[in-house]
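One structure, pasted below without further comment.
Coordinate-derived values only; no laboratory data. Everything numeric in this text was worked out from a predicted model, so none of it was measured. Positions of Cβ are backbone-derived with ideal geometry, glycine not excepted, and every protein chain shown enters the neighbour counts.
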Amino acid sequence: MPALNLKPMLATLADAANHRDAPQWDLEFKWDGFRGLVHWNMRSFHLVTRNGLDMTERFAPIRALAGQLTRPMVLDGEVVALDADGVPRFGALQNWRPGQPLFLYLFDILQHGTTSLLERGYDERRTLLEELNLQGEHWRVPARFTGSVAEHLDLARAHQLEGLVAKRRDSLYVPGRRSADWLKFKIVNRQEFAICGFTPGTDPGTIGSLLLGYRAHGAWRFAGGMGTGFTHAQRREFYGVLRTLARDRSPFATAVPGRGTAQWIEPRIVVEVEHRGWTDQGLLRVPAFVGIRIDKAAEEVRQERPRPRPARPLSQPAPRPRTRPASRR
């Protein structure tokens with residue numbers, strides 16, 4: 001069985017206007033949750049997040065999935081919690097308690113029995129997953145589609161979903177890498193950043209804003225300050241936690257102007273941020289706090305910008321060695 005530190009394959013942020021719809025791509029809705037790999041060896045069940053955190057006990061109802069797994073397997077999916085309207089919400093997942101709606105949406109299979117599927121095409125892997133008929137109270141295999149990205153984005157928007165993922169049907173599974181064979185289209189701009197510092201709030205013992213950063217070329221880069229999206233209680237909680245990570249010098253590679261009152265910290269905590277794009281100076285426009293990402297490591301945080309229009313049409317598959325033919329449907 002693959003080690004529990006196996007990392008999931010990641011999608012590249014893309015602009016729907018640059019995507020040419022083609023039958024070589026399957027579409028899936030994008031879920032607002034924690035990415036997780038299921039490891040089952042016929043004796044033990046583990047649900048492990050992208051940064052290696054074992055969430056099996058935290059989301060205990062999902063363990064019952066083992067009762068439907070008749071062979072050793074490694075499965076890829078997303079843990080989601082639903083709000084009162086039945087919509088997946090990252091905030092609902094952060095605050096999830098037993099008895100509240102919880103699902104593992106499974107969308108890939110990496111190992112079946114003793115056979116690794118990493119070098120099989122996505123369509124072949126996904127077809128095998130669908131044939132397993134893994135449906136239960138807390139897990140399911142959601143539908144995939146072909147057709148127009150724009151039309152399915154409209155459908156996702158109507159159902160208040162996060163966006164779409166497009167996957168090339170012949171794509172191999174590349175653990176831990178962000179691939180242009182998987183593209184993600186977001187209805188709102190949202191990504192994770194590391195907290196690199198904070199400014200004090202007007203009330204004693206609270207934060208005013210968080211100073212955000214991401215990794216680029218081996219160094220921390222400043223993404224801007226974020227002062228909205230918090231409750232007063234969260235401002236006080238952040239202050240108590242961040243003070244324990246204090247450091248004397250800024251972690252950023254270049255000076256951050258106008259931050260004379262900043263308290264710098266060790267970049268260890270990752271937050272999900274909603275924003276309206278980037279300024280010409282490389283700073284976030286109107287960032288707002290969404291939640292804490294306990295499933296992602298700070299060192300993995302990178303700036304995400306939509307992928308530019310490719311030189312070759314997306315409808316033409318890229319040459320790739322060692323690709324096995326996709327199975328017939």
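Within the chain, count lysine pairs with alpha carbon atoms under 13 angstrom apart where the residues are 8 or more positions apart or belong to different chains.
Details: LYS7/LYS296; LYS30/LYS167; LYS30/LYS184; LYS30/LYS186; LYS167/LYS184.
Qualifying lysine pairs in the chain: 5.
Would you grab the residues whose amide H sits under 5 Å from the one on THR56? Only those 5+ places off in sequence or on another chain, please, with H modelled 1.01 Å from N.
Those lying under 5 Å, H to H, from THR56 are LEU47.
Quote the relative contact order of the chain in percent (integer), defining contacts as alpha-carbon pairs under 8 Å separated by 6+ residues.
On the way: 715 pairs, mean separation 70.3, N = 329.
Dividing the mean separation by the residue count of the chain yields 21 percent.
Name the long-range amide H neighbours of LEU10: under 5 Å, sequence gap of 5 or more, or other chain; modelled H, no Pro or chain starts.
GLY176, ARG177, ARG178, SER179
Just subtract the alpha-carbon distance of HIS46 and ALA233 from 0.36 nm times their residue separation and send over the number in nm, one decimal.
Extending this stretch completely gives an extra 64.0 nm.
Hey, another quick one. Once you order the gyration tensor axes a ≥ b ≥ c over the Cα atoms, which shape class does segment 190-300 get: rounded for a/c under 1.5, otherwise prolate or oblate by comparing a/b with b/c?
Because its axes are fairly even, with a/c under 1.5, segment 190-300 counts as rounded.
Could you give the distance between the Cα centres of segment 170-222 and segment 1-57, to the whole Å?
With segment 170-222 and segment 1-57 each reduced to a Cα centre, they are spaced 18 Å.
Rounded to whole Å, give me the distance from the Cα center of segment 265-310 to that of segment 121-140.
With segment 265-310 and segment 121-140 each reduced to a Cα centre, they are spaced 31 Å.
While we're here: If you stretched the chain out fully between VAL286 and ALA22, how much longer would it get, using 0.36 nm times the residue separation minus the C-alpha to C-alpha distance?
Details: separation 264, 0.36 × 264 = 95.04 nm, distance 3.49 nm.
In short, 91.5 nm is gained.
Here is a follow-up. Once both axes come from the Cα atoms, what is the angle between helix 232-243 and the longest principal axis of the chain, in degrees from 0 to 90, rounded to 10?
Approximately 90 degrees, to the nearest ten.
While we're here: 7 Å from Cα along Cα→Cβ at both ARG276 and LEU155: what's the point-to-point distance in nm?
In this crude spin-label approximation the distance works out to 3.1 nm.
Calculate the FRET efficiency for ASP85 and ASP54 from the Cβ-Cβ distance with a Förster distance of 41 Å, rounded to the nearest 0.05. Intermediate values should be presented prior to the final figure.
On the way: r = 31 Å, r/R0 = 0.75.
Efficiency, from the Cβ-Cβ distance: 0.85.
What distance in nm separates the two pseudo spin-label positions at ARG247 and ASN5, each 7 Å out from Cα along the beta-carbon direction?
For ARG247 paired with ASN5, the spin-label model returns 2.2 nm.
Relative to the present Cα-Cα distance, how much length would full extension add between ALA64 and HIS217 at 0.36 nm per residue of separation?
This chain segment gains 50.8 nm when fully extended.
Pairs of alpha-carbon atoms within less than 8 angstrom and 6+ residues apart define the contacts here; what relative contact order does segment 190-300 have, in percent?
Numbers: 235 pairs, mean separation 35.0, N = 111.
Relative contact order here is 32 percent.
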